[in-house]
Amino acid sequence: MLQVTPTLAIPDDELVERFVRSGGPGGQNVNKVSTAVELRFDVANSPSLPEAVRARLLARRDRRLTAEGVLVLSAQRFRTQDRNREDARERLAAVVAAATVAPKKRIATKPTKGSKERRLGAKRERATVKRQRSVSRWERE
């Protein structure tokens, strides 16, 4: 059981782990031992996720999310299989926990009178500078 928040947990039978060979340095050991972990979690069909969390996870533009709604996390930071497994599970918990927080609604506001005046004043100054550039030299003297 992967505990994400005090109220949300993902059962182990919903997680699919595959162990593959790790890339990078490691000598002879890297070619023999499958220490990297590929963790798959079906977000679209998970019964343990609340509907709002599922919708937020699927709406994210995340390259780790497949077209079928499966979240694929790869962990190969550590040299041992167990530590990579823990790392992948922690990262999955962090991704799901981030989706449990609802984004704040934006409150529409109008620009203040002062900000409008400052903007228009800056535009006027800019126009004056540009106008002075275009006037030929003999007209200015």
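The values are calculated or read from the model by the stated rules, or taken from the named source; none is laboratory data. All values derive from a computational prediction rather than experimental measurement. Here the Cβ positions follow ideal geometry from the backbone for every residue, glycine too, while neighbour counts run over all protein chains shown. These area figures cover heavy atoms from the full protein model, side chains too; ligands, DNA and RNA do not enter into them. Shrake-Rupley method; radii C 1.70, N 1.55, O 1.52, S 1.80 Å.
Structure summary
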item	result
GNM flexibility winner over the chain from Arg60, Arg91, Arg119 (Cα, springs under 10 Å)	Arg119
Protein accessible area in the chain, 1.4 Å probe - carbon and sulfur %	52 percent
Low-density loop cleavage sites - GluC sites (Glu not before Pro) in the stretch 65-134, where at most 14 other Cβ are within 10 Å (DSSP)	Glu68
Check: the chain dipole with +1 on Lys, Arg Cβ and -1 on Asp, Glu Cβ, in debye	1780 debye
Protection proxy ranking, peptides 14-21, 95-102, 106-113, average beta carbon neighbours within 10 Å, highest first	95-102, 14-21, 106-113
Rounded D (µm²/s) - the chain, Kirkwood Rh over Cα pairs, Stokes-Einstein at 20 °C, 1.002 mPa s	108 µm²/s
